[in-house]
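Peer 1: Below: one structure in structure tokens.
The values are calculated or read from the model by the stated rules, or taken from the named source; none is laboratory data. Predicted, not measured: the structure shown is a model, and the values here were computed from it. FYI the Cβ positions are ideal-geometry reconstructions off the backbone, even for glycines, and counts take in every protein chain you see.
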């Protein structure tokens, strides 16, 4: 197995939806296969999230694992540049940022 | 348990720009069911109320959701004939004017009988201007003109209106899920302090409040998440029983899909701590929620819990006094990215000459658009990578109180036609008022809600 194959695009294993309240973004992210939940919990770390969203300067990141849903609720504070009523950005809700999350490359799960 | 022991909640709209015709199929589906049925139109968002107050200011007969009757009129006959109450927060800044307009519409249809209730009391704008808002309210520092001031009110007024025989309940800033909670408390005579059942009702309202977002809308991702008949997603329906059993389904014969994936995505939508989701009616805890597939387009929901509702209510203030300006120009073909990047450099230099330290936001759509940030860090990251993009749109945007300054900046984008890099074209510009919002809190007992009948 070469180096590139040891990584996986998050979108291949999980789906996500973003929501906004003021300057706070939340993203619910869920694995397609429940067997991947432990992998998601382990690899989608606060540190990796902080690096991936660094250009949006999160002031705080919260992770709420939801084992019964096979997902995690991610809450990223301060990343919406003021939020829907203050941002100069094109997507002022941050709705598209669910796919910024899904563009993450994570170490692939071990073959089962 | 027979169908008569059940209640059915359908949401026919999840925002003011939703599709009106989907609700007609929903109303027909509900009319064919036995048991308590309710049709709800959710039409407000954080900023909508401030916009509605501005419309009311220029015309006292306006200020309700501008498309309200495009939703209500097509279902009115079906709902009144079948005894299905219509509940909406589309009264927005002027529920009374909406009720008067509805009365005119009913009269024009031959004087059809209907009891119309307005839920009033959430709008504190007049009290704000008169300095009469409770001294116990906690406001943030505010600069700019206050345009709207509303409190997210709970389910009780909706329940009361239905108990007193309302066929149509027109609310202002009643919280989105509270519309469903109000209906279910009416259907089953649940009490406001019955946390377990109010939690179930709140989950039902939360899942349905964005309408088709739980039934296949905002979901399709070809090859990963496919949606049947994606051009016609059906409005969702919550089937609820008196014990608190909850099933989410959708309009019979419609497109779209309800499965565990669509329900999961919507369950966490706009939620922060899943163990403590604050609403006016309950503190919801979905930490142990379980979803069960019960067949095609049917998902059962169990394991939700609730704690007593918060002592304070949340309010929202709309503030004016700022402007939002945008201008765009395109570059395409060989060297498109380099020419667009040069145009950006030129604009940044011209902006700093207009006003020292002025740095407008600049995106290069096709390279870094919606993922970009105000400082352009993401854009620089993307420009450093090799790219095959050859059709780029530069977008300059700014929010500021100085309208003239924004005009000058937008002029600078237009001036790129003759002064900028080669081959720029397709300039568009816009300048609109920017409405900000701030939230505040108010002790629950300091909000006086009332009903008005029309």
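Peer 1: Might you let me know whether region B:309-316 holds any residue that is assigned to a loop (DSSP other than H, G, I, E, B), more than 13 Å from chain A (Cβ to nearest Cβ) and buried (at least 20 other Cβ atoms within 10 Å of the Cβ)?
Peer 2: Narrowing region B:309-316 to residues assigned to a loop (DSSP other than H, G, I, E, B): B:309-311.
Add one more test, that the residue is more than 13 Å from chain A (Cβ to nearest Cβ), and what stays is B:309-311.
With buried (at least 20 other Cβ atoms within 10 Å of the Cβ) added as a condition, the list becomes B:309.
For region B:309-316, residues assigned to a loop (DSSP other than H, G, I, E, B), more than 13 Å from chain A (Cβ to nearest Cβ) and buried (at least 20 other Cβ atoms within 10 Å of the Cβ): present.
Yes or no, residue by residue, for (1) assigned to a loop (DSSP other than H, G, I, E, B); (2) within 12 Å of the chain's Cα centre (by Cα); (3) without any contact (Cβ under 8 Å) to a residue 24 or more places away in the chain:
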residue: A:11; (1), (2), (3): no, yes, no
residue: A:39; (1), (2), (3): no, no, no
residue: A:82; (1), (2), (3): yes, no, no
residue: A:99; (1), (2), (3): no, yes, no
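Peer 1: Looking at region B:370-392, is at least one residue at pLDDT 95 or above and part of a strand (DSSP E or B)?
Peer 2: yes
Peer 1: Given the condition out of contact with any helix residue (DSSP H, G or I) (no Cβ under 7 Å at 6 or more places or on another chain), more than 8 Å from chain B (Cβ to nearest Cβ), in contact (Cβ under 8 Å) with a residue 40 or more places away in the chain and closer than 30 Å to residue B:400 by Cα, answer yes or no: does some residue in region A:58-77 qualify?
Peer 2: Here is the first cut: in region A:58-77, the ones out of contact with any helix residue (DSSP H, G or I) (no Cβ under 7 Å at 6 or more places or on another chain) are A:59-60, A:62, A:64, A:66, A:68, A:73, A:75-77.
Now restrict to residues that are more than 8 Å from chain B (Cβ to nearest Cβ): A:59-60, A:76-77.
Next, only the ones that are in contact (Cβ under 8 Å) with a residue 40 or more places away in the chain stay: A:76-77.
Okay, now just the ones that are also closer than 30 Å to residue B:400 by Cα, so A:76-77.
Yes.
Peer 1: Additional query: What is the residue count in region B:21-52 for residues that are more than 14 Å from every other protein chain (Cβ to nearest Cβ), within 18 Å of residue B:170 (Cβ to Cβ) and modelled with pLDDT under 95? Quick ask: steps written out before the conclusion?
Peer 2: Kept after step one, since they are more than 14 Å from every other protein chain (Cβ to nearest Cβ), are these residues of region B:21-52: B:21-43, B:52.
Still in the running and within 18 Å of residue B:170 (Cβ to Cβ): B:23, B:27, B:38-43, B:52.
Then keep just the ones that are modelled with pLDDT under 95; that gives none.
Total satisfying the criteria: 0.
Peer 1: Of the residues B:166, B:187, B:161, which is modelled with pLDDT of 95 or more and within 22 Å of residue B:207 (Cβ to Cβ)? Give the derivation first.
Peer 2: Working: B:166 fails: within 22 Å of residue B:207 (Cβ to Cβ); B:161 fails: within 22 Å of residue B:207 (Cβ to Cβ).
Checking each option against the conditions leaves just B:187.
Peer 1: Report whether or not residue A:46 is free of Cβ contacts under 8 Å to residues at least 60 places away in the same chain and more than 13 Å from every other protein chain (Cβ to nearest Cβ).
Peer 2: Working: free of Cβ contacts under 8 Å to residues at least 60 places away in the same chain: yes; more than 13 Å from every other protein chain (Cβ to nearest Cβ): yes.
Yes, satisfied.
Peer 1: Here is a list of conditions, (1) surrounded by fewer than 20 Cβ atoms within 10 Å (Cβ to Cβ); (2) within 13 Å of another protein chain (Cβ to nearest Cβ); (3) at pLDDT 95 or above, and residue B:433 meets all of them except one; can you say which number that is?
Peer 2: Just one mismatch for residue B:433, condition (3).
Yes or no, residue by residue, for (1) touching a residue at least 12 places away in the same chain (Cβ under 8 Å); (2) closer than 23 Å to residue B:12 by Cβ:
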residue: B:90; (1), (2): yes, yes
residue: B:98; (1), (2): yes, yes
residue: B:101; (1), (2): yes, yes
residue: B:108; (1), (2): no, yes
residue: B:116; (1), (2): yes, yes
residue: B:121; (1), (2): yes, no
residue: B:130; (1), (2): no, no
residue: B:143; (1), (2): yes, no
residue: B:146; (1), (2): yes, no
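Peer 1: Also, quick follow-up: Every residue in region B:253-294 that is outside any strand (DSSP E or B) and more than 25 Å from the chain's Cα centre (by Cα), please.
Peer 2: Taking region B:253-294 as the starting set, the residues that turn out to be outside any strand (DSSP E or B) are B:253-254, B:256-276, B:279-282, B:286-289, B:294.
Selection gives B:253, B:288, B:294.
Peer 1: Out of B:257, B:237, which single residue is within 14 Å of chain A (Cβ to nearest Cβ) and in contact (Cβ under 8 Å) with a residue 24 or more places away in the chain?
Peer 2: Details: B:237 fails: within 14 Å of chain A (Cβ to nearest Cβ).
None of the other options fit; the residue is B:257.
Peer 1: Spot the failing condition for residue B:274; the list is (1) within 14 Å of chain A (Cβ to nearest Cβ); (2) surrounded by 16 or more Cβ atoms within 10 Å (Cβ to Cβ); (3) in contact with a helix residue (DSSP H, G or I) (Cβ under 7 Å, 6 or more places away or on another chain), and only one is missed.
Peer 2: (3)
Peer 1: Suppose the filter is buried (at least 16 other Cβ atoms within 10 Å of the Cβ), at pLDDT 95 or above, touching a strand residue (DSSP E or B) at 6+ places or on another chain (Cβ under 8 Å) and more than 12 Å from chain B (Cβ to nearest Cβ); does residue A:10 pass it? Walk me through how you get there before you give the answer.
Peer 2: On the way: buried (at least 16 other Cβ atoms within 10 Å of the Cβ): yes; at pLDDT 95 or above: yes; touching a strand residue (DSSP E or B) at 6+ places or on another chain (Cβ under 8 Å): yes; more than 12 Å from chain B (Cβ to nearest Cβ): no.
Considered against the rule, which asks whether it is buried (at least 16 other Cβ atoms within 10 Å of the Cβ), at pLDDT 95 or above, touching a strand residue (DSSP E or B) at 6+ places or on another chain (Cβ under 8 Å) and more than 12 Å from chain B (Cβ to nearest Cβ), residue A:10 comes out as no.
Peer 1: Now a separate question. Quickly run through region B:358-400 and pick out the residues that are more than 12 Å from chain A (Cβ to nearest Cβ), in contact (Cβ under 8 Å) with a residue 60 or more places away in the chain and either loosely packed, with under 15 Cβ neighbours inside 10 Å or within 17 Å of residue A:82 (Cα to Cα) (or both).
Peer 2: Scanning region B:358-400 gives a single hit, B:391.
Peer 1: Next question. Counting only residues that are facing chain B (nearest Cβ under 10 Å) and surrounded by fewer than 17 Cβ atoms within 10 Å (Cβ to Cβ), how many does region A:24-33 have?
Peer 2: So the count comes out to 1.
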